[in-house]
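Participant: Attaching a single structure in structure tokens format; questions to follow.
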Amino acid sequence: MKQRKIPVRQCLGCGEPREKKELIRVVRSPEGELSIDLTGKKSGRGAYICRSVECFNKAKKARRFEKNFQMAIPEEIYLKLEAELKAGEE
């Protein structure tokens with residue numbers, strides 16, 4: 001039987017390639033709204049990040065979200081994403 005290929009994505013924070021299941025997807029919808037997509041099924045531009053607040057802070061500091069989504073991201077969106085990430089960690 002043929003072995004299935006496991007999708008690999010790169011974390012925006014640490015830059016390490018990991019299996020897609022291990023990462024959290026942050027998605028920009030066609031309307032321009034950012035949210036965390038735990039299912040990986042929402043439509044829109046996606047970026048992947050590890051399930052740690054440290055990686056989130058590294059990506060935020062280096063402005064990798066803004067570069068990836070090609071838009072300015074207000075601070076309240078970062079706070080909302082960080083709160084969702086902390087709630088998901090627990």
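Participant: On a 28 Å Cα-Cα criterion, which of the cross-link pairs 5/61; 21/86; 2/58; 20/61; 2/41; 2/86 come out too long?
Facilitator: With Cα atoms farther than 28 Å apart: 5/61; 2/58; 2/86.
Participant: Expressed as an acute angle from 0 to 90° and rounded to the nearest 10, what is the orientation of the C-alpha long axis of helix 75-89 relative to the principal long axis of the chain?
Facilitator: Helix 75-89 sits at roughly 40 degrees to that axis.
Participant: Please check: in the Gaussian network model of the chain (C-alpha springs, under 10 Å), which one of 38, 12, 23 has the largest mean-square fluctuation.
Facilitator: Result for the chain, Cα springs under 10 Å: 38 fluctuates most.
Participant: Only loop residues by DSSP count here, and only those with at most 12 other Cβ atoms within 10 Å; note down the trypsin sites (Lys or Arg not before Pro) in segment 24-87 that meet that.
Facilitator: 41, 63
Participant: For the chain, with equal point scatterers placed on the C-alpha atoms only and solvent neglected, what are the log10 I(q)/I(0) values from the Debye formula at q = 0.21 1/Å, to two decimals?
Facilitator: Rounded to two decimals, the profile gives -1.03.
Participant: Still on this model: How far apart, in nanometres, would the label points at residue 86 and residue 68 be if each is projected 7 angstrom from Cα along the Cα-to-Cβ direction?
Facilitator: Between residue 86 and residue 68, the label points sit 2.1 nm apart.
Participant: Just flag the GluC sites (Glu not before Pro) in segment 1-47 sitting in loop per DSSP whose Cβ has no more than 14 other Cβ atoms within 10 Å.
Facilitator: Those that pass, being in a loop and sparsely packed, are 31, 33.
Coordinate-derived values only; no laboratory data. If you're wondering where the values come from, they're calculated on a predicted model, not measured in any experiment. Here Cβ is always computed from backbone atoms with ideal geometry, including for glycine, and neighbour counts include all displayed protein chains.
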